[in-house]
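*Asks:* Got a structure for you, written out below as structure tokens; questions coming shortly.
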Amino acid sequence: MVSERTPVRFYQVGSFAVGNRLVALDQRSAQSDPERANSLTSGHRACAGCGEALGARYALDAAMRATHGQLVAVNATGCLEVFSTPYPETSWRIAWLHSLFANASSVATGVAAGLRAQGRSDVRVVAQGGDGGTADIGFGALSGMFERNDDVLYICYDNGGYMNTGVQRSSATPPAARTATTQAVGPHPGNVFGQGKDMPRIAMAHEIPYVATATVADLFDLESKVEKAMTFHGARFLHILVPCPLGWGSLSSDTIRLARLAHETGIFPVFEAEHGEVTSSLPIRRHTPVEEYLKLQKRFAHLFDKNGEVKDAETVAHLQALANRNIERYALLTEEPS
Amino acid sequence: MQRQIEGSQAIAQTVAMCRPGVVCAYPISPQTHIIEALGAMVKKGELEHCEYINVDSEMAAMSVAIGASAVGARAFTATSSQGLLYMIEAVYNAAGLGLPVVMTLANRAIGAPINIWNDHTDAMAVRDSGWVQLFAETNQEAVDLHILAFALAEELSVPVMVCVDGFILTHSIERVDMPEPEQVDQLVPPFEPRQVLDPDDPVSIGAMVGPEAFTEVRYLAQVRMHRALEVIPELAERNAEVLGRPATGLLHPYRIEDADVVVVAMGSVLGTIKDVADDLREEGVRVGVLGISCFRPFPVEQVREALAGAQRIVVVEKAFSIGYGGILSTDIAMAFTGQTVPIHTVVAGLGGRPVWAASLRKLFVEAHEGRLADTVYCDLNTGLVEAEIERMALRRRSGPPAENVLRDLATQTGRA
């Protein structure tokens, strides 16, 4: 029942939200454009607040726009593949191929080669996978694709773990984070502080034409990077941070907030690089300390006490130092923080 | 045209005549000459509209082939041994997706101990994967079977593996009647895929299937494989007509009609076996030979029919199931369920050990006289084996078996 004191309003009129189908055509946002490809359409089985579903939908629709619909997508095994396809309810409205966990980049190479052999230079290829399929099991194949400079845009949806199998650690899991295989117990709870596996910089080391990072907090930035990537030929890499409410222990309604905080704390630098050199970075508008990002996630709960105060100052300082390193490396604070 | 040619070159030239769209290459002995030759043809421009991809692993090789095939390009690769095992997940995947990739398997042993020489252990490791597996006896057969393989794969939308004995065939120079390109064009029509990734008519290939339909999808793979048993003889007949020579189908029987003992085998060892059979027949021992060209799908009916008159069957195998015994023998025995024909397994030629005519002759005579054991390891050096068994009984830390055996062998042969 609608309270009398709550006026009935059109859903998020004037916002950039996905819906807006109730307002007049000329008032609708770009997201509800009837011309939109809806590459990943509704009815799939992603969790509420899934960052990967959002990221994939925007990335592929942007790629479809950039290629005038002449696109083939190759998917690694993982959440995105599983929640989108159980027969007969495939949510893909594009030519889509899933082979295995480790081989998406190689399959995409084959798709590109097969198209080239048939003279179909108009059709472009996107490969996509999670951070496990990218940084761990599919790493060698991806490096091979980069090294050969195959004409593929590879998109990594990074949610920092093997969420599909029940939230286990990957090489993209942040230090100190709790997962099912890095439990929050013992003298050093959560994931270890290693050197990490910085996929964008590893991609840049291959000197491929285009490398970029993005988050689902800034969808216009994400879309523009996909579109820009499609202006290049050769191997391209787009790394998108996609919060995972299930794996991170966060509210479904905090997905966008967390993606934004990842950027504004410096934990996830958003930048572009061409042929191995950084060409631009997205400045932090409101510089925020890392605990604001950490405390919204149960995977970091062991760093805080019951009142939400930092309990493990040393670890938080360590994480802050990593964020600061990113801020320095990518010059993310060009102005005084407000 | 009759040519004096290395097996790998003959295979590469035949594959080129089949006009592949994508060839992916990752080197492993003894497959290397095949992919090297194809690479040179693409680079020189002799093989047009073909993409040659130097990949980073065998897993990538099969994966590239999967991607290419899914967009309607004819895809080819070649591998051996460890390479086949490294790509095994993608091997199953190509079959599960029903993509007509063709692959040459230059048969080689599987380590450890590492060994680059020929046997059939690699092929046996993927016999249940859903690939058609054809075995060539000679390089002429290897050439003809590759032509058949492309036509068969694309007709049924199943992947086909042509097994050729590593080194014994791949590196042998012998006379081969090479086909003309026009003949191959006649036998391998342009690829018309049953499923293709087309942006203008999008489909999802490789979707998840749960318990509600998984059995049915798998059963359909079995239906396609059974259909191959009908299509292979048809294609072989067409090959024979166009190429003007007898072509290989499912089986090749040799002097089998009145044979008391029938020897069953696959691949190049059949040549030696036929020589031994000829010799024994001159001495009045009626030995026949049944070559299995098509191992998967296994032609149960045809095998049963071919072996109907046999009093005794000897299966010579270049692989065995550790912990059990003969693999081909098990298939043969299944074809003879309910009958009392004795079936013997002779494991021979492992890791490149020569299969001597004299050794086979002795075993076949024993079989004829009813003295052959159920399973025999041909030319097994029992002294070496017994020494290691004794060593293991004496000491807990008996050491690495391969090293021990090699050291004992050096002593045995006076080279220590």
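The values are calculated or read from the model by the stated rules, or taken from the named source; none is laboratory data. Bear in mind that the values here come from a model prediction, so they are computed numbers and not experimental data. Cβ sites come from the backbone with ideal geometry, for glycine too, and all protein chains shown count toward neighbours.
*Asks:* Being among the acidic types (Asp, Glu), surrounded by 24 or more Cβ atoms within 10 Å (Cβ to Cβ) and more than 14 Å from chain A (Cβ to nearest Cβ), is that true of even one residue in region B:111-131?
*Replies:* Yes, region B:111-131 contains at least one residue that is among the acidic types (Asp, Glu), surrounded by 24 or more Cβ atoms within 10 Å (Cβ to Cβ) and more than 14 Å from chain A (Cβ to nearest Cβ).
*Asks:* Of B:218, B:194, B:224, which residue is in the same structural domain as residue B:116 (by TED's automatic domain parsing), of a type in the set (Lys, Arg) and not in a helix (DSSP H, G or I)?
*Replies:* B:194
*Asks:* Also, quick follow-up: Filter region B:25-49 for residues that are surrounded by 24 or more Cβ atoms within 10 Å (Cβ to Cβ) and in a helix (DSSP H, G or I); which is farthest from the other protein chains (Cβ to nearest Cβ)?
*Replies:* B:34
*Asks:* Could you please find all residues in region A:308-319 being out of contact with any helix residue (DSSP H, G or I) (no Cβ under 7 Å at 6 or more places or on another chain) and modelled with pLDDT of 95 or more?
*Replies:* Answer for region A:308-319, where residues must be out of contact with any helix residue (DSSP H, G or I) (no Cβ under 7 Å at 6 or more places or on another chain) and modelled with pLDDT of 95 or more: A:309, A:313, A:314, A:317, A:318.
*Asks:* Another question, if that's okay. Please tell me if residue A:180 is more than 14 Å from chain B (Cβ to nearest Cβ), part of a loop (DSSP other than H, G, I, E, B) and either out of contact with any Pro (no Cβ under 9 Å at 6 or more places or on another chain) or modelled with pLDDT of 95 or more (or both).
*Replies:* Taking the combined requirement at face value, the residue satisfies it.
*Asks:* Look at residue B:156 and say whether it is under 24 Å from residue B:33 (Cα atoms) and touching a residue at least 12 places away in the same chain (Cβ under 8 Å).
*Replies:* For residue B:156, the condition - under 24 Å from residue B:33 (Cα atoms) and touching a residue at least 12 places away in the same chain (Cβ under 8 Å) - is not met.
*Asks:* When residue B:222 is evaluated against the numbered criteria (1) more than 26 Å from the chain's Cα centre (by Cα); (2) surrounded by fewer than 18 Cβ atoms within 10 Å (Cβ to Cβ), which criterion, by number, is the only one it fails?
*Replies:* Just one mismatch for residue B:222, condition (1).
*Asks:* Could you list all residues from region A:174-193 that are touching a Ser or Thr at 6+ places or on another chain (Cβ under 8 Å) and without any contact (Cβ under 8 Å) to a residue 40 or more places away in the chain?
*Replies:* Of everything in region A:174-193, those that are touching a Ser or Thr at 6+ places or on another chain (Cβ under 8 Å) and without any contact (Cβ under 8 Å) to a residue 40 or more places away in the chain turn out to be A:182, A:191, A:192.
*Asks:* Might you check whether a residue that is polar (S, T, N, Q), under 30 Å from residue B:147 (Cβ atoms) and either touching a residue at least 40 places away in the same chain (Cβ under 8 Å) or assigned by TED's automatic domain parsing to the domain that holds residue B:318 (or both) occurs anywhere in region B:235-245?
*Replies:* The answer is yes; a qualifying residue exists.
*Asks:* Checking the structure you have, find out if any residue of region B:97-110 is facing chain A (nearest Cβ under 9 Å) and at pLDDT 95 or above.
*Replies:* Checked region B:97-110: at least one residue is facing chain A (nearest Cβ under 9 Å) and at pLDDT 95 or above.
*Asks:* Okay, moving on. Look through region A:199-240, keep the residues that are of a type in the set (Lys, Arg) and surrounded by 20 or more Cβ atoms within 10 Å (Cβ to Cβ), and return whichever of them is farthest from residue A:54 (Cα to Cα).
*Replies:* A:236
*Asks:* So in region B:332-348, with the set limited to residues that are assigned to a loop (DSSP other than H, G, I, E, B) and either in contact with a strand residue (DSSP E or B) (Cβ under 8 Å, 6 or more places away or on another chain) or of a type in the set (A, V, I, L, M) (or both), which one is modelled with the lowest pLDDT?
*Replies:* Once the filter is applied, the top-ranked residue is B:336.
*Asks:* Can you tell me which residue among B:209, B:164, B:176 is aliphatic (A, V, I, L, M), surrounded by 12 or more Cβ atoms within 10 Å (Cβ to Cβ), outside any helix (DSSP H, G or I) and without any contact (Cβ under 8 Å) to a residue 12 or more places away in the chain?
*Replies:* Result of the check over B:209, B:164, B:176: B:209.
*Asks:* With the checklist (1) modelled with pLDDT of 95 or more; (2) part of a loop (DSSP other than H, G, I, E, B) in hand, flag the one item residue A:187 doesn't pass.
*Replies:* For residue A:187, the failing item is (1).
*Asks:* Could you list, in sequence order, the residues of region B:1-10 that are assigned to a helix (DSSP H, G or I) and either farther than 17 Å from residue B:150 by Cβ or in contact with a His (Cβ under 6 Å, 6 or more places away or on another chain) (or both)?
*Replies:* Of everything in region B:1-10, those that are assigned to a helix (DSSP H, G or I) and either farther than 17 Å from residue B:150 by Cβ or in contact with a His (Cβ under 6 Å, 6 or more places away or on another chain) (or both) turn out to be B:7, B:8, B:9.
*Asks:* Would you check which residues across region A:59-86 are at pLDDT below 95, in contact with a strand residue (DSSP E or B) (Cβ under 9 Å, 6 or more places away or on another chain) and surrounded by fewer than 23 Cβ atoms within 10 Å (Cβ to Cβ) and list them?
*Replies:* The one that is at pLDDT below 95, in contact with a strand residue (DSSP E or B) (Cβ under 9 Å, 6 or more places away or on another chain) and surrounded by fewer than 23 Cβ atoms within 10 Å (Cβ to Cβ): A:85.
Here is a yes/no grid of residues against (1) under 22 Å from residue A:250 (Cα atoms); (2) within 19 Å of the chain's Cα centre (by Cα):
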| residue | (1), (2) |
| --- | --- |
| A:38 | no, yes |
| A:49 | yes, yes |
| A:54 | yes, yes |
| A:93 | no, no |
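*Asks:* On to the next question. Could you list, in sequence order, all residues of region B:50-92 that are outside any strand (DSSP E or B), facing chain A (nearest Cβ under 7 Å) and free of Cβ contacts under 8 Å to residues at least 40 places away in the same chain?
*Replies:* Answer for region B:50-92, where residues must be outside any strand (DSSP E or B), facing chain A (nearest Cβ under 7 Å) and free of Cβ contacts under 8 Å to residues at least 40 places away in the same chain: B:50, B:55, B:56, B:57, B:59, B:60, B:63, B:66, B:67, B:89, B:90.
*Asks:* With the requirement that a residue be in a helix (DSSP H, G or I), out of contact with any Ser or Thr (no Cβ under 7 Å at 6 or more places or on another chain) and more than 18 Å from residue B:237 (Cβ to Cβ), what does region B:129-152 give you?
*Replies:* Matches in region B:129-152: B:142 only.
*Asks:* Of everything in region A:92-126, what is β-branched (Val, Ile, Thr) and facing chain B (nearest Cβ under 8 Å)? Give them in sequence order.
*Replies:* A:94, A:107, A:109, A:111, A:123
*Asks:* When you look at residue B:127, is it out of contact with any Pro (no Cβ under 6 Å at 6 or more places or on another chain), in contact (Cβ under 8 Å) with a residue 60 or more places away in the chain, within 30 Å of residue B:117 (Cα to Cα) and not hydrophobic (A, V, I, L, M, F, W, C), yes or no?
*Replies:* yes
*Asks:* Tally the residues that are facing chain A (nearest Cβ under 9 Å) and touching a Gly at 6+ places or on another chain (Cβ under 9 Å), restricting the search to region B:167-201.
*Replies:* Residues that pass the stated criteria total 5.
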